[in-house]
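Chemist: Supplied in structure tokens, the structure appears directly below.
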Protein chains: 4
Amino acid sequence: MIIVLQPGASEAQIDHVIERVRGLGFDAHLSRGTYRTIIGVIGDETKLQAAPLAAIAGVAQVLPILPPFKLASSEAHPEPSVVNVRGVKIGGGNLGMIAGPCAIESRERLDEIATAVKAAGANILRGGAFKPRTSPYAFQGLGVEGLRILREVGDKHGLPVVTEVMDPRQIEVVDEYADMIQIGARNMQNFSLLTEVGRTNKPVLLKRGMSSTVKDLLMSAEYVLSQGNSQVVLCERGIKSFDNETRNLYDVAAVPACRKLSHLPIIVDPSHATGRPDLIPPCALAGVAAGADGVHIEVHNCPEEAMSDGPQALLPAQYAEVAKQIRAIAAVLGKTISSLEK
Amino acid sequence: MIIVLQPGASEAQIDHVIERVRGLGFDAHLSRGTYRTIIGVIGDETKLQAAPLAAIAGVAQVLPILPPFKLASSEAHPEPSVVNVRGVKIGGGNLGMIAGPCAIESRERLDEIATAVKAAGANILRGGAFKPRTSPYAFQGLGVEGLRILREVGDKHGLPVVTEVMDPRQIEVVDEYADMIQIGARNMQNFSLLTEVGRTNKPVLLKRGMSSTVKDLLMSAEYVLSQGNSQVVLCERGIKSFDNETRNLYDVAAVPACRKLSHLPIIVDPSHATGRPDLIPPCALAGVAAGADGVHIEVHNCPEEAMSDGPQALLPAQYAEVAKQIRAIAAVLGKTISSLEK
Amino acid sequence: MIIVLQPGASEAQIDHVIERVRGLGFDAHLSRGTYRTIIGVIGDETKLQAAPLAAIAGVAQVLPILPPFKLASSEAHPEPSVVNVRGVKIGGGNLGMIAGPCAIESRERLDEIATAVKAAGANILRGGAFKPRTSPYAFQGLGVEGLRILREVGDKHGLPVVTEVMDPRQIEVVDEYADMIQIGARNMQNFSLLTEVGRTNKPVLLKRGMSSTVKDLLMSAEYVLSQGNSQVVLCERGIKSFDNETRNLYDVAAVPACRKLSHLPIIVDPSHATGRPDLIPPCALAGVAAGADGVHIEVHNCPEEAMSDGPQALLPAQYAEVAKQIRAIAAVLGKTISSLEK
Amino acid sequence: MIIVLQPGASEAQIDHVIERVRGLGFDAHLSRGTYRTIIGVIGDETKLQAAPLAAIAGVAQVLPILPPFKLASSEAHPEPSVVNVRGVKIGGGNLGMIAGPCAIESRERLDEIATAVKAAGANILRGGAFKPRTSPYAFQGLGVEGLRILREVGDKHGLPVVTEVMDPRQIEVVDEYADMIQIGARNMQNFSLLTEVGRTNKPVLLKRGMSSTVKDLLMSAEYVLSQGNSQVVLCERGIKSFDNETRNLYDVAAVPACRKLSHLPIIVDPSHATGRPDLIPPCALAGVAAGADGVHIEVHNCPEEAMSDGPQALLPAQYAEVAKQIRAIAAVLGKTISSLEK
């Protein structure tokens, strides 16, 4: 960490800053430039994040040097991690192909969709039982009944299942039914929820918040890791931007940017990133080409009747087509779609 | 709601769209233009929000006309609402002046700060007991002990108190100690939490999320209102932007924009919006000049020792100065700082 | 175009709106809903863009239906266009591979770089002679001398050349030396410049502005097309965002989004989009996988001595590696890197 | 400037960096921390902006400390500047009130509008003769004929006049007719244009680009100042954001943020910032309360017939009302609307 002093900082102010730094258990290294005096803080700066050094009189700026996360960082763990979702590997050359409807609507519909996506190459089934809806008047999901359907249909097709949790009070029951727990974009900084899923031993699918930087995403992963759960898969799903040509702005560069900073696997979700079925296939391929460890796509066999987000779902035939192309692009990069380990 | 069809939409597709619209209980009005055919949907469109009309074959766009919220809208309730926080009015010409430290640190410190802000004209005391921190390694707040201190200090100085809730499991205890419950920016779309505070009968201070539009904010207010709690105060506190000159981008135009769409009071929080003590006073005045119903400012008597967000706090003397100017600007607009009703 | 009236609009106001619409040569179609009255405007709405219908009393909103550009639209020209840069095709399955240094620094250096990129598979040479620099104190380019070097080196290696124009007064000389004229991101809405390059008969490389939507980009292309020059290649090069992990936000979804709206070829520039050499290769592959008609990459053989944007250049060996991967991804999609036609 | 080295940087790399820094004429100060080695660069860092230090092997980050502009900075010139527009002062407690139509349409109309805004308190008349329009099919302005009208009407009412220049070839004629030259938001980084207006001796009204940071704006001012023209007035007019509730995002905090960094006066333009007549008055007041040195508002006496931007113009009566409130807010802050010096 580097502390830059104001142009006219007095000697007494400089001494006070050094004293505070030393009082916090760090060493301070003074350097006087032509225009500014700076103080290098020597020691483990992650311990200083909460210290209000910028509030000390005479301080102009505090420049952090190290990333604010440790367990999630590639420095701490240089090899890429591989997360195992009940036998399906994500990371290290293995692609997770997560597919299914936005919301679980009925056993019959989920079974039809699962049959289709499994045939196309999906290896994890998704479906929402507790739905975060922007309108209080919209369908809020089937709840526990939905979880039961998801478990049953996943088992029938040999597909591990992932579903979203919105409330710490739902974690116990979701943990009972699901193989992977999803934290949605709107809850990426719901710190109570992150702490609680960190206390389970289930893999966590952590979606990037719409106004979160890559470092914010890794900081939220750190919350989960800090509780002892190391099975986190990151997910790029679009951030806010000024162009409403797409629902969100698909930040495909976040894939290699996360890879550089962290060992955690990262997948892409072109369904939520674009909100447009015509853009999902090219954006899915772009994600894989950029190095993603998997692709999350919403699929529905009758979008016009879907109870949630129908307009952004692919039809089963469209999914089969894009899955074929994903396999070809993955092959160029030496990767394969994981199959369930026996 | 207006449905725009694709250029080459067939008669069968047009008929199917009309049939679906009628099946949902609405009337459909067909209009053929030179380049496009459109269908006007006649009826209460808020009931159609969840219907995936955009997913029907042949549909190019679905254009909503009405805002997606009802209870929060100024059409439903043309007169501005006044929210009463244990005797302090916010709205209708009455300014709420909320001040206090980011986090409650100790009884002595809170008492000193409360003494100062009360003398300067603040009418509601704030302080965090449960803190949403981006780092799992940072101070997380004193919890219930903090709530007790807040209640005690507020009572001593005759100031109603507001504090943040982060988790539905905290609502019961926060409701016991606080006069107003704050939903923070990161939880603006934590729908479980919104639903639960909507079931209390306490005024709610709802902060705008960093990636939320003005309409998203009103939609979150609708969640609270839809549960029967009509005491919501909105708060503009900055949104994400590309310029890191300030911590967030202070959207002062959101104040009159909310006023146009909604009857709910709206206050501003220049502390979080700018993150810079030197910008807080001018931005506080700007908010009042734009029509805000109050100002939320963080105040600390020793920022360099603050356990949270010290670098963005005003000193008591700085707060006293800005409060004086706020009073003068408010007078120009015919408003006054509310005092506690006896 | 659809005009939505305010809730309480009077009959006189409605009549006045209809009268204005008819006075402008359009037909008006009135439709009264439960909550709002709307007027459909029938005719070629692009002619209405400048008409201030939203300013008429009683009007709440004006909703355009057609895109605001005509010549650039895929409706006007359903087949993808192929632009020919002195024998090198861009579009229709042919990839343009534009490479070279940010600025032309000397004949020797450009010759070395051209030798390397040609060997790696580049088919168009780039280099800046007039440089738009954010600092008035930075190197501003070699000017006409740079153009001469570019022409000579391009000819030596059999590579057509592209260079940027910043000022209408430079167009004549740039047109004399270059095979393709670039409009930089900062000039995407420099309408004088767009008009002037539209009067040349050279292909134009039009870079997306940092705060431009996809539709803004197409509208700027329309300026060029409207002057009679139909040889426009669009270029996605990143837009502004709140995350400074990358220099700009690479909007890879803009590639298929432009394809949907327009017949013009679109290429990607991962150098400016990310500003980080480590992210250029994965983002180049992502662009091709998303359907781009080419890739623009800055290459320098000694970045630490580059006179402009050195830190974002690839080394020749890195370029050769990514070009090989681009060829493999392109093959999956049935595309090839164009070679110069004899 | 501080150079942070990569974790594993070798001694040879460190030596090479130090050698490069010294070769550029600077002193280097090495500091070895627990996790990172950093090098402080001692000397005038603005001379290093173009040096690609980040491209040297072993360098992780280059952190600038000083702002990249010098002439515009408040360090170079601590007292606020006052710009004199033919007798009307802007800055130092004097408010410039710039008003008039978006485009000059006819002598009669401009005369009517000038009569009204002058009576309301405006002290500078604006009107566009060369219009930057996003559509090539929209009204492009009356050109030189418009300039003649503007001059004539300004003289008749004793109002100095300001108009926009879009092309370096227009500067000579605009300089002949206008008292102040405007650089529009889309041309804020048109460096040819900035250089040329820097060579005139007319005050320049420099509007902030829609994707420009506060520092980018000051850097563009530096271009003008570096040519010898010190009469620059900055203008905040909204930046791009994800919320289309307003046309742009009015960044009122930019007013005090510029004041902190620079001595140049800064005014606000709520017309372009919001694009909504109902929001212009509260946002104008907010700008003045935040410390702006003036307000730029578009006024038209028949918006529905305006040839450009009619929907965002105030009516003369609305302008008179807001001017009255501006005067009252200004008085609270000890400022006055400048009147023409005799």
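Chemist: Restricting attention to segment C:279-301, and to residues there that are part of a loop (DSSP other than H, G, I, E, B) and in contact (Cβ under 8 Å) with a residue 40 or more places away in the chain, which single residue is surrounded by the fewest Cβ atoms within 10 Å (Cβ to Cβ)? Lay out the reasoning, then the answer.
Modeler: Initially, segment C:279-301 is screened for residues part of a loop (DSSP other than H, G, I, E, B), giving C:290-293, C:300-301.
Now restrict to residues that are in contact (Cβ under 8 Å) with a residue 40 or more places away in the chain: C:291-293, C:300-301.
Working: C:G291: 20, C:A292: 33, C:D293: 30, C:H300: 29, C:N301: 16.
Within segment C:279-301, the match that is surrounded by the fewest Cβ atoms within 10 Å (Cβ to Cβ) is C:N301.
Chemist: Among the residues of segment C:181-204, how many are in a loop (DSSP other than H, G, I, E, B) and within 12 Å of chain D (Cβ to nearest Cβ)? Show your work before the answer.
Modeler: Going residue by residue through segment C:181-204, those that are in a loop (DSSP other than H, G, I, E, B) are C:184, C:188-190, C:199-203.
Checking the rest, the ones that are also within 12 Å of chain D (Cβ to nearest Cβ) come to C:184, C:188-190.
Matching residues across segment C:181-204 total 4.
Residue by residue, here is whether (1) surrounded by fewer than 22 Cβ atoms within 10 Å (Cβ to Cβ); (2) farther than 30 Å from C:L71 by Cα; (3) of a type in the set (K, R) holds:
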site	(1), (2), (3)
D:A60	yes, yes, no
D:L66	yes, yes, no
D:S74	yes, yes, no
D:S81	yes, yes, no
D:G92	yes, yes, no
D:I98	no, yes, no
D:A103	no, no, no
D:A114	no, yes, no
D:G141	no, no, no
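Chemist: Output yes when any residue across segment B:177-186 is in the same structural domain as B:V233 (by TED's automatic domain parsing), over 22 Å from B:V233 (Cβ atoms) and among the hydroxyl-bearing types (S, T, Y), and no when none is. It would help to see each step written out before you state the result.
Modeler: Step one: filter segment B:177-186 for residues in the same structural domain as B:V233 (by TED's automatic domain parsing), giving B:177-186.
With the extra rule that they be over 22 Å from B:V233 (Cβ atoms), the set shrinks to none.
So far as segment B:177-186 goes, no, none of its residues is in the same structural domain as B:V233 (by TED's automatic domain parsing), over 22 Å from B:V233 (Cβ atoms) and among the hydroxyl-bearing types (S, T, Y).
Chemist: Select from segment D:80-117 the residues that are farther than 10 Å from D:H300 by Cα and charged (D, E, K, R) and list them in ascending order.
Modeler: Matches in segment D:80-117: D:R86, D:K89, D:E105, D:R107, D:E108, D:D111.
Chemist: Report, by residue number, each residue of segment B:315-342 that is within 22 Å of the chain's Cα centre (by Cα) and either without any contact (Cβ under 8 Å) to a residue 60 or more places away in the chain or not in a loop (DSSP other than H, G, I, E, B) (or both).
Modeler: Correct list: B:A323, B:I326, B:A330, B:T336, B:I337.
Chemist: Please verify whether A:A257 is in a helix (DSSP H, G or I), more than 30 Å from C:P67 (Cα to Cα) and in contact with a Ser or Thr (Cβ under 9 Å, 6 or more places away or on another chain), treating the condition exactly as stated. Show your work before the answer.
Modeler: Details: in a helix (DSSP H, G or I): yes; more than 30 Å from C:P67 (Cα to Cα): yes; in contact with a Ser or Thr (Cβ under 9 Å, 6 or more places away or on another chain): yes.
Criteria met by A:A257.
Chemist: Also: Evaluate segment C:132-140: report whether one residue or more is among the hydroxyl-bearing types (S, T, Y), touching a helix residue (DSSP H, G or I) at 6+ places or on another chain (Cβ under 7 Å) and within 11 Å of C:I104 (Cβ to Cβ).
Modeler: Step one: of segment C:132-140, the residues among the hydroxyl-bearing types (S, T, Y) are C:134-135, C:137.
Checking which are touching a helix residue (DSSP H, G or I) at 6+ places or on another chain (Cβ under 7 Å) leaves us with C:134-135, C:137.
Retained after the next criterion (residues that are within 11 Å of C:I104 (Cβ to Cβ)): none.
No, there is no match, as no residue in segment C:132-140 is among the hydroxyl-bearing types (S, T, Y), touching a helix residue (DSSP H, G or I) at 6+ places or on another chain (Cβ under 7 Å) and within 11 Å of C:I104 (Cβ to Cβ).
Chemist: Could you list, in sequence order, all residues of segment B:205-214 that are of a type in the set (A, V, I, L, M) and within 9 Å of chain A (Cβ to nearest Cβ)? Show your work before the answer.
Modeler: Of the residues in segment B:205-214, the ones of a type in the set (A, V, I, L, M) are B:205-206, B:210, B:214.
Residue satisfying the conditions is B:M210 alone.
Chemist: Something else now. Any idea which of (1) on the phi < 0 side of the Ramachandran plot; (2) in contact with a Phe, Trp or Tyr (Cβ under 9 Å, 6 or more places away or on another chain) is the one D:G43 doesn't satisfy?
Modeler: Of the numbered conditions (1) on the phi < 0 side of the Ramachandran plot; (2) in contact with a Phe, Trp or Tyr (Cβ under 9 Å, 6 or more places away or on another chain), the odd one out for D:G43 is (1).
Chemist: I need every pair where a residue in segment A:147-176 that is without any contact (Cβ under 8 Å) to a residue 24 or more places away in the chain and closer than 22 Å to A:L194 by Cα has its Cβ under 9 Å from the Cβ of a residue that is among the small types (G, A, S) and assigned to a helix (DSSP H, G or I), sequence separation at least 6 or different chains.
Modeler: What qualifies is A:R169/B:S192.
Chemist: Just need a number here: residues in segment D:258-285 that are touching a helix residue (DSSP H, G or I) at 6+ places or on another chain (Cβ under 8 Å) and farther than 27 Å from A:D243 by Cα. Give the steps one after another, and end with the answer.
Modeler: Here is the first cut: in segment D:258-285, the residues touching a helix residue (DSSP H, G or I) at 6+ places or on another chain (Cβ under 8 Å) are D:258, D:261-262, D:264, D:266-268, D:270-285.
Then keep just the ones that are farther than 27 Å from A:D243 by Cα; that gives D:258, D:261-262, D:264, D:266-267, D:281, D:285.
Within segment D:258-285, residues that are touching a helix residue (DSSP H, G or I) at 6+ places or on another chain (Cβ under 8 Å) and farther than 27 Å from A:D243 by Cα number 8.
Chemist: Let me ask something else. Any idea which residue in segment B:81-107 is nearest to B:A331 (Cα to Cα), counting only those that are polar (S, T, N, Q) and in contact (Cβ under 8 Å) with a residue 60 or more places away in the chain? Steps first, please.
Modeler: Of segment B:81-107, the ones polar (S, T, N, Q) are B:81, B:84, B:94, B:106.
Filter once more, so that each one left must be in contact (Cβ under 8 Å) with a residue 60 or more places away in the chain: B:81, B:84, B:94.
Values: B:S81: 20, B:N84: 21, B:N94: 11 Å.
Here the residue is B:N94.
Chemist: Identify, please: which residue in segment C:310-327 is in contact with a Ser or Thr (Cβ under 8 Å, 6 or more places away or on another chain) and within 9 Å of another protein chain (Cβ to nearest Cβ) and is, among those, modelled with the highest pLDDT?
Modeler: Among those residues, the one meeting the criterion is C:A313.
Chemist: Say we look at segment C:303-314 and pick out the residues that are in contact (Cβ under 8 Å) with a residue 40 or more places away in the chain and out of contact with any Phe, Trp or Tyr (no Cβ under 8 Å at 6 or more places or on another chain); which of these is surrounded by the most Cβ atoms within 10 Å (Cβ to Cβ)?
Modeler: Filtering first and then ranking leaves C:A313.
Chemist: Within the bounds of segment B:232-245, is there any residue that is among the hydrophobic types (A, V, I, L, M, F, W, C) and touching a Cys at 6+ places or on another chain (Cβ under 8 Å)? Break it down stepwise before answering.
Modeler: Filtering segment B:232-245 down to residues among the hydrophobic types (A, V, I, L, M, F, W, C) leaves B:232-235, B:239, B:242.
Now narrow it down to the ones that are touching a Cys at 6+ places or on another chain (Cβ under 8 Å): B:234.
Looking for residues that are among the hydrophobic types (A, V, I, L, M, F, W, C) and touching a Cys at 6+ places or on another chain (Cβ under 8 Å), one finds at least one in segment B:232-245, hence yes.
Chemist: Return a yes/no flag: does segment D:52-70 have any residue that is basic (K, R), farther than 24 Å from D:I329 by Cβ and not assigned by TED's automatic domain parsing to the domain that holds D:Q231.
Modeler: Taking segment D:52-70 as the starting set, the residues that turn out to be basic (K, R) are D:70.
Now drop any that are not farther than 24 Å from D:I329 by Cβ, which leaves D:70.
If we keep only those that are not assigned by TED's automatic domain parsing to the domain that holds D:Q231 as well, we get D:70.
Checking segment D:52-70: at least one residue is basic (K, R), farther than 24 Å from D:I329 by Cβ and not assigned by TED's automatic domain parsing to the domain that holds D:Q231.
Chemist: Next question, about the same structure. Within segment A:240-262, can you find the residues that are buried (at least 22 other Cβ atoms within 10 Å of the Cβ) and either under 29 Å from A:N84 (Cβ atoms) or not assigned by TED's automatic domain parsing to the domain that holds A:A313 (or both)?
Modeler: A:Y250, A:D251, A:V252, A:A253, A:A254, A:V255, A:P256, A:A257, A:C258, A:R259, A:S262
Chemist: To continue, here is another question. Limited to segment C:39-54, what total is found for residues that are farther than 23 Å from D:C302 by Cα and away from chain D (no Cβ under 14 Å)?
Modeler: 3
Chemist: So how many residues does segment C:21-53 have that are at pLDDT 85 or above, crowded, with 19+ Cβ neighbours inside 10 Å and assigned to a helix (DSSP H, G or I)?
Modeler: The qualifying residues number 2.
Chemist: Looking only at segment C:108-124, decide whether some residue is in contact (Cβ under 8 Å) with a residue 12 or more places away in the chain, closer than 25 Å to C:M188 by Cα and in contact with a helix residue (DSSP H, G or I) (Cβ under 7 Å, 6 or more places away or on another chain).
Modeler: Kept after step one, since they are in contact (Cβ under 8 Å) with a residue 12 or more places away in the chain, are these residues of segment C:108-124: C:109-124.
This time we only want the ones that are closer than 25 Å to C:M188 by Cα, so: C:123-124.
Adding the requirement that they be in contact with a helix residue (DSSP H, G or I) (Cβ under 7 Å, 6 or more places away or on another chain) leaves none.
Within segment C:108-124, not a single residue is in contact (Cβ under 8 Å) with a residue 12 or more places away in the chain, closer than 25 Å to C:M188 by Cα and in contact with a helix residue (DSSP H, G or I) (Cβ under 7 Å, 6 or more places away or on another chain).
Chemist: So, of the residues in segment D:187-217 that are of a type in the set (S, T, Y) and either closer than 22 Å to D:G96 by Cβ or not assigned by TED's automatic domain parsing to the domain that holds D:A99 (or both), which turns out to be surrounded by the fewest Cβ atoms within 10 Å (Cβ to Cβ)? Break it down stepwise before answering.
Modeler: Going through segment D:187-217, the residues of a type in the set (S, T, Y) turn out to be D:192, D:195, D:200, D:211-213.
Imposing the further condition that a residue be either closer than 22 Å to D:G96 by Cβ or not assigned by TED's automatic domain parsing to the domain that holds D:A99 (or both) reduces the set to D:200, D:212.
Details: D:T200: 20, D:S212: 26.
Among residues in segment D:187-217 that are of a type in the set (S, T, Y) and either closer than 22 Å to D:G96 by Cβ or not assigned by TED's automatic domain parsing to the domain that holds D:A99 (or both), the one surrounded by the fewest Cβ atoms within 10 Å (Cβ to Cβ) is D:T200.
Chemist: Here's something else I'd like to know. Which of the residues that make up segment B:206-250 are assigned to a strand (DSSP E or B) and either at pLDDT below 95 or closer than 18 Å to B:G294 by Cβ (or both)?
Modeler: Keep residues of segment B:206-250 that are assigned to a strand (DSSP E or B), which gives B:206-207, B:232-236, B:239, B:249.
Scanning segment B:206-250 gives B:L206, B:K207, B:V232, B:V233, B:L234, B:C235, B:E236.
Chemist: Evaluate the following for C:L333: is it under 19 Å from A:G291 (Cβ atoms), within 14 Å of chain D (Cβ to nearest Cβ) and hydrophobic (A, V, I, L, M, F, W, C)? Reasoning before the result, please.
Modeler: On the way: under 19 Å from A:G291 (Cβ atoms): yes; within 14 Å of chain D (Cβ to nearest Cβ): no; hydrophobic (A, V, I, L, M, F, W, C): yes.
In short, no.
Chemist: For segment C:1-38, enumerate the residues that are of a type in the set (A, V, I, L, M) and more than 7 Å from chain B (Cβ to nearest Cβ).
Modeler: So in segment C:1-38, the residues of a type in the set (A, V, I, L, M) come out as C:1-5, C:9, C:12, C:14, C:17-18, C:21, C:24, C:28, C:30, C:38.
The answer is C:M1, C:I3, C:L5, C:A9, C:A12, C:I14, C:V17, C:I18, C:V21, C:L24, C:A28, C:L30.
Chemist: Let me ask something else. Within segment B:297-313, count every residue that is of a type outside the set (V, I, T) and under 22 Å from the mean Cα position of the chain (by Cα). So that I can check it myself, show each step before the final result.
Modeler: Residues of segment B:297-313 that are of a type outside the set (V, I, T), as a first pass: B:298, B:300-313.
Now restrict to residues that are under 22 Å from the mean Cα position of the chain (by Cα): B:298, B:308-309, B:312-313.
Residues flagged as of a type outside the set (V, I, T) and under 22 Å from the mean Cα position of the chain (by Cα) within segment B:297-313 amount to 5.
The values are calculated or read from the model by the stated rules, or taken from the named source; none is laboratory data. It should be emphasised that the depicted structure is a prediction, and the values quoted were computed from it without experimental measurement. Note that we place each Cβ from the backbone using ideal geometry, even for glycine, and neighbour counts take in every protein chain shown.
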